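Everything below concerns the one structure shown next.
The values are calculated or read from the model by the stated rules, or taken from the named source; none is laboratory data. Nothing here was measured: the structure is a model prediction, and the numbers come from that model. For neighbour counting, all protein chains shown are included, and Cβ atoms are generated from backbone atoms with ideal geometry for every residue, glycine included.
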Amino acid sequence: MSGTKEEDRKGSSEWRNFFWNPRTHELLGRTASSWGLILLFYLIFYLFLAGMFVLTMYIMLLTLDDYKPTWQDRLATPGMMIRPKGNQLEISFSVSETESWDGFIHNLNHFLSPYNNSYQVQTNDNCSPDQYFIQEDSGEVRNNPKRSCQFNRTMLEECSGISDRFYGYSSGQPCILIKLNRVIGMLPGKDSQSPYVTCGAKRMDSDKIGPLAYYPPNGTFNLMYYPYYGKKAQVNYTQPLVAVKFLNASLNTDINVECKINSNTLAEGSERDKFAGRISFKLRINDK
Ligand SMILES: *[C@@H]1O[C@H](CO)[C@@H](O)[C@H](O)[C@H]1NC(C)=O
Ligand SMILES: *[C@@H]1O[C@H](CO)[C@@H](O)[C@H](O)[C@H]1NC(C)=O
Ligand SMILES: *[C@@H]1O[C@H](CO)[C@@H](O)[C@H](O)[C@H]1NC(C)=O
Ligand SMILES: *[C@@H]1O[C@H](CO)[C@@H](O)[C@H](O)[C@H]1NC(C)=O
Ligand SMILES: *[C@@H]1O[C@H](CO)[C@@H](O)[C@H](O)[C@H]1NC(C)=O
């Protein structure tokens, strides 16, 4: 009994000695100079690691080009987006309830603001249509910043929000804007054939969709807006748009619409990537 107590006391004093041994002046079994060496070693070690990190980072950054992505997926066909952005790609409203489409109008007004003719004339060039606006760098000499082509708001005609400031929503003939996602260097057509958008109804809805109007005519994204050189090189780039106006869509029913890009260079969107070159959305126009 007393033996174990003795051992306990001995053990704890051993521990205390290990923590701080006043005889040898050792802390946790090491002398001050031994601790100092260890700290010094780790200090140098970590400084060395930090130095390596900074050096590799620096070399990495030197090889990166501000104006061009070093790596870019060879994305065959870009995705598309619509405006106004409804709830989950659903444009649903009642013609007679102003509040039901008011948000769409605000969204479109805001989105189209930089397309105002006055703004486009200030910032962009009047380019020759149906051909690429090529502005390559010559060797190491940068041709930056690069100019961009005007996309005037009035080119959207009935869907510009100028002649009809409610974009047709107040009369049950809504406009929907379509844009093609930006891909640096993409050439979306050849033989001066601009890619164009076509929309149709999906599945059983083909008798509900009614006639459509496209602006600019034929629903084209003119070749002059390509290639895109990137946000930094082409600061004032204005993404071309296609507006689709539903002239006589059936009321009080869901219409599943699909729009797609038609191009003689971009591959058809495959089944695997159902967002490539196409977009689907639901349209519902109620009359009360
Ligand atoms: C564009 O024009 C609309 C009216 O047509 C105006 O409300 C808006 O402020 C203009 N935006 C710019 C950026 O000039
Ligand atoms: C855009 O509009 C301005 C003035 O309204 C006009 O001078 C210019 O030629 C137009 N640009 C294009 C590409 O249509
Ligand atoms: C971009 O637009 C501004 C005016 O808003 C203009 O001063 C500038 O020259 C334009 N830059 C290019 C590269 O087009
Ligand atoms: C629209 O397409 C038709 C036939 O494809 C063509 O004749 C017409 O010139 C095109 N219009 C415009 C403005 O590109
Ligand atoms: C609109 O579509 C309805 C059928 O949904 C049809 O009865 C009507 O004649 C069409 N109106 C016009 C102007 O085409």
For residue 228: the one exception among (1) closer than 17 Å to residue 178 by Cβ; (2) more than 16 Å from ligand 3 (Cβ to nearest atom): (2)
Residue in segment 132-152 that is nearest to ligand 1 (Cβ to nearest atom), counting only those that are modelled with pLDDT of 80 or more and exposed (fewer than 14 other Cβ atoms within 10 Å of the Cβ): 134
For residue 126: the one exception among (1) surrounded by fewer than 12 Cβ atoms within 10 Å (Cβ to Cβ); (2) under 27 Å from the mean Cα position of the chain (by Cα); (3) more than 25 Å from residue 194 (Cβ to Cβ): (3)
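Being away from ligand 5 (no atom under 16 Å from the Cβ), β-branched (Val, Ile, Thr) and either at pLDDT 95 or above or within 23 Å of the chain's Cα centre (by Cα) (or both) narrows it down to one of 257, 235, so name that one.
Step by step, each of 257, 235 is checked, and only 235 is away from ligand 5 (no atom under 16 Å from the Cβ), β-branched (Val, Ile, Thr) and either at pLDDT 95 or above or within 23 Å of the chain's Cα centre (by Cα) (or both).
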Could you tell me which of the residues 225, 169, 215 is over 30 Å from residue 288 (Cβ atoms) and in contact (Cβ under 8 Å) with a residue 24 or more places away in the chain? 225
Taking segment 175-193 and the residues there that are out of contact with any Pro (no Cβ under 8 Å at 6 or more places or on another chain) and surrounded by fewer than 19 Cβ atoms within 10 Å (Cβ to Cβ), the one that is nearest to residue 213 (Cα to Cα) would be 193
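Residues are listed down the side, and each one gets a yes or a no for (1) over 30 Å from residue 93 (Cβ atoms); (2) assigned by TED's automatic domain parsing to the domain that holds residue 238; (3) polar (S, T, N, Q); (4) within 16 Å of ligand 3 (Cβ to nearest atom):
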position	(1), (2), (3), (4)
132	yes, yes, no, no
141	yes, yes, no, no
161	no, yes, no, no
168	no, yes, no, no
171	no, yes, yes, no
With the checklist (1) β-branched (Val, Ile, Thr); (2) more than 28 Å from residue 66 (Cβ to Cβ); (3) more than 16 Å from ligand 3 (Cβ to nearest atom) in hand, flag the one item residue 121 doesn't pass. (3)
For segment 141-154, check the following and say yes or no: at least one residue is within 16 Å of ligand 4 (Cβ to nearest atom), over 30 Å from residue 65 (Cα atoms), over 25 Å from the mean Cα position of the chain (by Cα) and not in a loop (DSSP other than H, G, I, E, B). yes
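Give the residues of segment 66-84 that are modelled with pLDDT under 85 and surrounded by 10 or more Cβ atoms within 10 Å (Cβ to Cβ), sorted by residue number.
The first filter runs over segment 66-84 and keeps only residues modelled with pLDDT under 85, leaving 66-77.
Once the filter is applied, which keeps residues that are modelled with pLDDT under 85 and surrounded by 10 or more Cβ atoms within 10 Å (Cβ to Cβ), segment 66-84 yields 66, 67, 68, 69, 72, 75, 76, 77.
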In segment 113-128, which residues are assigned to a loop (DSSP other than H, G, I, E, B) and in contact (Cβ under 8 Å) with a residue 40 or more places away in the chain? 124, 127, 128
Mind checking which residues of segment 241-262 are farther than 29 Å from residue 94 by Cβ and either buried (at least 22 other Cβ atoms within 10 Å of the Cβ) or within 16 Å of ligand 1 (Cβ to nearest atom) (or both)? 261
